[in-house]
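Enquirer: Take this structure first; my questions come after.
FYI, it's all coordinate maths here, none of it is from the lab. None of the values given here were measured: they were computed from a predicted structure. Note: ideal-geometry Cβ built from the backbone for every residue, glycine included; neighbour counts use all protein chains shown.
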Amino acid sequence: MRRLLLVRLVVGIVAVGSVGACASNPRPRTGVVYAVREPPAERVEVIPVTPGTGYVWVKGHWAWRRNDYEWIPGHWIIPERGYRAWVPGRWEHDRHGWYFIEGHWR
């Protein structure tokens, strides 16, 4: 009985220590490409006339490509079925660098 209690105590201490180690040293996000420097300011885009009713403008953004930023121009798009608003993508920063969160429909 004491041995079982001792084993459970050791396992509990190891588990708590592992959680603390992960929290104090967070790893980079998986599946995310980090940029080494802050993205440039957004460009001012001239929005062309809509190609038809029901289209939504998706503004352009900076993308990290081959060690530098590349401007991806905005475009008109028809919303996916069941959605009506586009939430634009944005750049965020953490201790590992800058990363882009893709836009999505809501």
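Enquirer: Rg to Rh ratio, segment 36-106, alpha-carbon atoms and Kirkwood radius?
Expert: Details: Rg = 14.0 Å, Rh = 13.7 Å.
For segment 36-106, the value is 1.02.
Enquirer: Figure the gain on full extension for Val33 and Trp76 (residue separation times 0.36 nm, minus the Cα-Cα span) and round it to one decimal in nm.
Expert: Working: separation 43, 0.36 × 43 = 15.48 nm, distance 2.60 nm.
Taking Val33 through Trp76 to full extension adds about 12.9 nm, to one decimal.
Enquirer: Packing-wise, with mean Cβ within 10 Å as the measure, how do 80-92, 50-62 rank, highest first? Before the final figure, lay out the partial values.
Expert: On the way: 80-92: 11.5, 50-62: 13.8.
Descending mean neighbour count gives 50-62, 80-92.
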